[in-house]
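Inspection log for the structure reproduced underneath, given as structure tokens.
Here, each number is a calculation from the coordinates, and none is a lab measurement. In this text, all values refer to a predicted model and were calculated from it rather than measured experimentally. Positions of Cβ are backbone-derived with ideal geometry, glycine not excepted, and every protein chain shown enters the neighbour counts.
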Number of protein chains: 2
Amino acid sequence: MKVLVIGAAGMVGRILSEHLLHTAELGGKPVTQLTAFDVVPAELTSENGVALQIKAGDIADRDTVDGLIADKPDLIFHLAAIVSGEAEADFDKGYRINLDGTRHLFEAIRAQGSGYHPRVVYTSSVAVFGAPFEDKITDTFITAPMTSYGTQKMIGELLLNDYSRKGIFDGIGIRLPTITVRPGKPNKAASGFFSGIIREPLAGQEAILPVEDDVRHWFASPAAALGFLLHAATMDTAPLGARRCLNMPGLSLTIAEVLETLRKVAGDEVVARVKRVPDPTIRQIVAGWPRDFAPDRAISVGFTADTDFESIIRAHIRDSEDVKG
Amino acid sequence: MKVLVIGAAGMVGRILSEHLLHTAELGGKPVTQLTAFDVVPAELTSENGVALQIKAGDIADRDTVDGLIADKPDLIFHLAAIVSGEAEADFDKGYRINLDGTRHLFEAIRAQGSGYHPRVVYTSSVAVFGAPFEDKITDTFITAPMTSYGTQKMIGELLLNDYSRKGIFDGIGIRLPTITVRPGKPNKAASGFFSGIIREPLAGQEAILPVEDDVRHWFASPAAALGFLLHAATMDTAPLGARRCLNMPGLSLTIAEVLETLRKVAGDEVVARVKRVPDPTIRQIVAGWPRDFAPDRAISVGFTADTDFESIIRAHIRDSEDVKG
């Protein structure tokens, strides 16, 4: 099986690519080739005989995307995106990458003709929803984004559904909760602080909390995100019908609950490193995001998530020690 | 006030343009200029001193659209679309006109800079919804289109919301019920038969009914559609918040009820001209369309529709006689 990962240098893309290189199989089939694409070269190393191609370029350039599809990968993960904060600040860049780039990919697949019908796994976001919300968002709740990022992700979902319905490819979209604890450095996502208030204090550094303690949010761990992607890549898509984009399962916690869990795992001294510095811009963006879900469809087709937040923090501590070691 | 009507040669565009030329005012303000744009020149005549410009071109061409916006119309009606049946048959054409054309318009407005902030009235469609439905679709029901046309209309809605939120223009989208009775000749819309089974028999001709008598659908008259457009052009958009696209009010009837109303108005002989010729393609498209609505938001901001179907048929007969006379 030939696999293409678009967005391979990002956090989720790197975890996914490393997993595929390490296991060299997916759903019982050998992974023979992995093409890792991003705007910068992904830092990956071939393992277990998987032919690794590392490519860098701009998905807003149609020729570049045609080049990625030319050898007809069997499975395509489309994870590349300008994240929420940056898409809000740079209108053109967000539309160019998140909308034009996605459309280029789908059109490049279509240009290969009817003999080519790959699985396409698209990472969408809970940012496709906007306030006012249901207490727990159900699978038929209106998608009414309140950011440019959410708008662009939702347009990608609509295109994915339509191209799949037309038999151009076999698409599935997964709306990721906010991935927490993100390893490494902060990115430009407005949601970055959700990880920051755990990661930085554990590393002995101060972290900024730009929103109130009673803000509720929807979380999944990096390990859960990897599980979602692998399941999406291998599951039977027939039960999805025309609605191929799913709310992934996750955990709903307030900031206060997150910090209380951090206190339980790491103590008062660590939690004291969180500094409250309200940021009206981030508050406004976060206020437009959903807080809790009833992801029945995803669960019914086999997606599984974290069971508690304490395990998420403990896994992050373990992984951080692995990296240091 | 300078008004631009994109799609002025279509059925709704022509009714709207004729009304604006005839009244030469809107919401108490004089209409000084009307630019009527379509792929073919609209057949319109200036009245009451309104400066009428009739232009023809392709909205998938960005330069053409820039030319339409160059003199900064205060009010823009964007009614142009490749209709459902044709967008389903010609994938490229549907996306080129319905998606690229709409985006060109929105980008052309943005290119004029922050001093320009027109009202944009966009006609969307109940085709943004897809089965399975609620019995009566509410204002927070998921928009999950099952046709390329519905997908493209929904993408236009998302863009309209985002551009409005960003302060680029003051947009409002109205999801029209199926307009019945359409005057004139059949178009390529899969929904065309809903008018055909009334219009053709009244004109002494046979009409094809391609779906079962128990199919339920959502209707508004041409006069109601005109009313929606005028209200959308003049109303206060502030109460809409971030969700600027509304389900318009209408009437829900089965085909059997439509035919029974036709029998009441015009007699058995007229109804006998309806021939049942099931068409699986049209049946499948129509099966993916909604049947009934609870359009509370639209009603709360002042949109009004027809009160009964008999009046719709009688108005059509009157209008046909006016045309003949």
**Message:** Which of B:H117, A:H231 has the fewest other C-beta atoms within 10 Å, and how do the rest follow up to the most?
**Reply:** B:H117, A:H231
**Request:** Give the long-range amide H neighbours of A:S124: residues separated by 5 or more places, or on another chain, with amide H under 5 Å away, using H modelled in the peptide plane at 1.01 Å from N.
**Result:** A:I174, A:R175, A:L176
**Request:** Report, by chain and number, residues whose modeled amide H sits under 5 Å from the one on B:D170, excluding near sequence neighbours (fewer than 5 apart, same chain).
**Result:** B:R119, B:V120
**Derived scalar couplings ³J(HN,Hα) [the range A:185-202; Karplus, 6.51 cos²θ - 1.76 cosθ + 1.60; whole Hz; x for Gly, Pro]** = 8, x, 10, 8, 5, 4, 7, x, 5, 4, 7, x, 6, 9, 5, 5, x, 5
**Request:** Return the average number of partner chain Cβ atoms within 10 angstrom of each residue Cβ along peptide A:154-163.
**Result:** 6
**Complete:** Per the rule of 0.36 nm per residue minus the C-alpha distance, extending A:Q53 to A:D308 adds in nm 88.1 nm
**Prompt:** Can you give the Rg and Dmax of chain B based on its C-alpha atoms, in angstrom?
**Reply:** 19.1, 60
**Request:** Rounded to the nearest 500, what is the 222 nm mean residue ellipticity of chain B from helices alone, with -39500 (n - 2.57) per DSSP H run of 4+ residues and division by all residues?
**Result:** -11500 deg cm²/dmol
**Asked** Across 5 Å bins from 0, what is the distribution of all Cα-Cα pair distances for the range A:1-79, in whole percents?
**Response** 3, 17, 31, 26, 15, 5, 1
**Request:** Holding the Cα-Cα limit at 28 Å, pick out from B:K188/B:K275; A:K153/A:K275; A:K55/A:K93; B:K55/B:K188 the pairs that are longer than that.
**Result:** A:K153/A:K275
**Asked** How large is the convex hull of the Cα atoms of the protein assembly as shown per residue, expressed in Å³ as a whole number?
**Response** 152
**Item:** Relative contact order, percent, the range A:1-76 [alpha-carbon distance under 8 Å, six or more residues apart]
**Value:** 36
**Separation of alpha-carbon centers, the range A:1-60 and the range B:140-182, rounded to whole Å** = 38
**Prompt:** Any idea what the relative contact order of chain B is, in percent, if you count C-alpha pairs under 8 Å spaced at least 6 apart?
**Reply:** 17
**Message:** How much of the DSSP bridge set in the range B:178-325 is antiparallel, in percent, rounded to the nearest 5?
**Reply:** 45
